[in-house]
Structures are given as C-alpha cells and as structure tokens.
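Sharing a structure, written as structure tokens. Questions coming.
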Amino acid sequence: MKNEWVKKLLFPRRCVFCGCLLKEGEEPLCAACAEEFEKLRVLRPGERNAFIDGGVSVAQYDGVVRRGMHRFKFQGKRRAAAMMARGMAEALKNQPWDFDVITWVPVHYSTLWKRGYDQAKELALGVAAETDKPCFALLKKIRKTKPMYRLTAAQRRANVLGAFRARCRQGELQGLRVLVVDDTFTTGATVEECARMLKMAGAEKILYATFAKTVKRA
C-alpha cells in the first residue's frame, strides 16, 4: 500500500488527451475529454478504392482528439497508445471482414531518430495484442516526405508516391489479408500508397485502421 501511495504521489495519473490530473474513477480520460470524445466517434464505414479493400477509424480528427493525437505524436506521450489501440480493436470487431496479419505505416529513419519512436508502430503492436494477430514490419519508408497538413489531395498523392517499399519479396504475401495501421486518415494517400506496395508483393486484401480521421464538413 505504501509503495502504491508513493507511486501515485510521484507519478500522478493524467488524462491521455489533455494531460490534466485525473479524479477518482477517471481513466484514461478525464470526464470533459471523455464526453467530447464520444461526440467525435466515427460511425461511417471506411474508404475503399483500387488498392484499399476497407477500413475503420475511431474518431474525428478534431477537438480533444486532435490535441490528444498531437501529444501522442509530437510530445512523447506514448501512454496514449494503449487506449487508442483498444478503441481501434473494438472498431475492428464490428467489421464484416477479417485479416491475417498487421503492419503499420512506417516513419522515415530520420524522423524515428528525432522522435525516438514510431507512433504507428506503437498503435499496431497495441492492436495486435488486443486482437491476438501477428504483427510484422512489412513496409519501409525509403524517402523522407514533406509534412502533409499544408498539401492538397493531389499534392499528398505526389508526395508519397514511391516513398515506401515492401520489405518482402514479390509474391511472399500471396493470399494474405493485411491490416495497415496508422494514426490518422486524411485523404488516404499514404495508406493507399502502402496498400499498392503490399498488393504488388502479393497481398490479397489490404484493410486499414486509424485512430483519427479527418471528416469533411458539409
């Protein structure tokens, strides 16, 4: 009991989205963030195209989700990964399709060196633990890309074209259904390019899961 009290004193529980101190009964989000988070839930099915066969996202990239993602991705708040992965795994359980293996959208080695971790890998490992599916590094980012937030949809596609390469040989993924995990889905350009590389390696289906998604306003 004494050790538990010292632990709480030295490492108080904080909301994984806003960082405020949690009250008794609040975990992992404070009451305010939890309430706003429920309003940002994504209910629509994910996009499909020539390379992507389906996908899910948990919440709109706005408000507390946007702030929480920023803390997770750029401020080293890796504890949020477990909560986000649980939400993604829950969303995946409600889908009519299944998958055989999990991978993630990798960051460039220079970003990994600077940040110290790959946020999509953290999420992928969490989803793998929740779903009891194998998780492997099937992709490599071979070219550093520009930040996406200032680019148009067409510029995003051009930005990621040829930026990724499958780590496996052609045909090695033959017949497999691969789930690609990333933190945020905006236009889908990044996931689509990763899907293209994986299908060239023989994957039968490419599905995706992200925690956040940019939703166009009417």
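Show the residue pairs meeting these rules: Cβ distance below 8 Å; 6+ apart or different chains; first residue within segment 186-204 and closer than 16 Å to Thr145 by Cβ; second residue in a helix (DSSP H, G or I) and of a type in the set (S, T, N, Q).
If the second residue must be in a helix (DSSP H, G or I) and of a type in the set (S, T, N, Q), the pairs left are Ala189/Asn159.
From the list Ala158, Ala163, Ala201, Ala195, exactly one residue is touching a Ser or Thr at 6+ places or on another chain (Cβ under 6 Å) and among the small types (Gly, Ala, Ser). Which is it?
Criteria check complete, one pass: Ala163.
Which members of segment 47-92 meet the condition of being surrounded by 20 or more Cβ atoms within 10 Å (Cβ to Cβ), more than 14 Å from the chain's Cα centre (by Cα) and assigned to a loop (DSSP other than H, G, I, E, B)?
Passing the criteria: Ile52, Asp53.
Hey, another quick one. Can you name the condition, by its number, that Gln95 falls short on among (1) part of a helix (DSSP H, G or I); (2) within 25 Å of Lys199 (Cα to Cα); (3) open to solvent by 10 Å² or more (accessible area, probe 1.4 Å)?
That leaves (1) as the condition not met.
Now for a separate question. Pick from Gly68, Gly63, Gly46, Gly54: which is modelled with pLDDT of 90 or more and either closer than 23 Å to Thr131 by Cα or among the β-branched types (Val, Ile, Thr) (or both)?
That would be Gly54, the only listed residue that is modelled with pLDDT of 90 or more and either closer than 23 Å to Thr131 by Cα or among the β-branched types (Val, Ile, Thr) (or both).
As an exercise: evaluate Arg169 against (1) surrounded by 15 or more Cβ atoms within 10 Å (Cβ to Cβ); (2) more than 20 Å from Thr214 (Cα to Cα); (3) at pLDDT below 90 and give the number of the one condition it does not meet.
(1)
Consider Glu172 against the criteria (1) in a loop (DSSP other than H, G, I, E, B); (2) among the charged types (D, E, K, R); (3) in contact (Cβ under 8 Å) with a residue 40 or more places away in the chain: it satisfies all of them except one. Which criterion is unmet?
Unmet condition: (3).
Please tell me if Glu27 is over 28 Å from Val178 (Cα atoms) and in a loop (DSSP other than H, G, I, E, B).
Considered against the rule, which asks whether it is over 28 Å from Val178 (Cα atoms) and in a loop (DSSP other than H, G, I, E, B), Glu27 comes out as yes.
The values are calculated or read from the model by the stated rules, or taken from the named source; none is laboratory data. Here the structure is a predicted model, which is why all the values come from computation and not from measurement. Quick reminder, even Gly has a Cβ in these numbers, built from the backbone with ideal geometry, and neighbours come from all protein chains shown. Accessible surface is based on the protein model in full, side chains and every heavy atom, while ligands, DNA and RNA are left aside. Shrake-Rupley method; radii C 1.70, N 1.55, O 1.52, S 1.80 Å.
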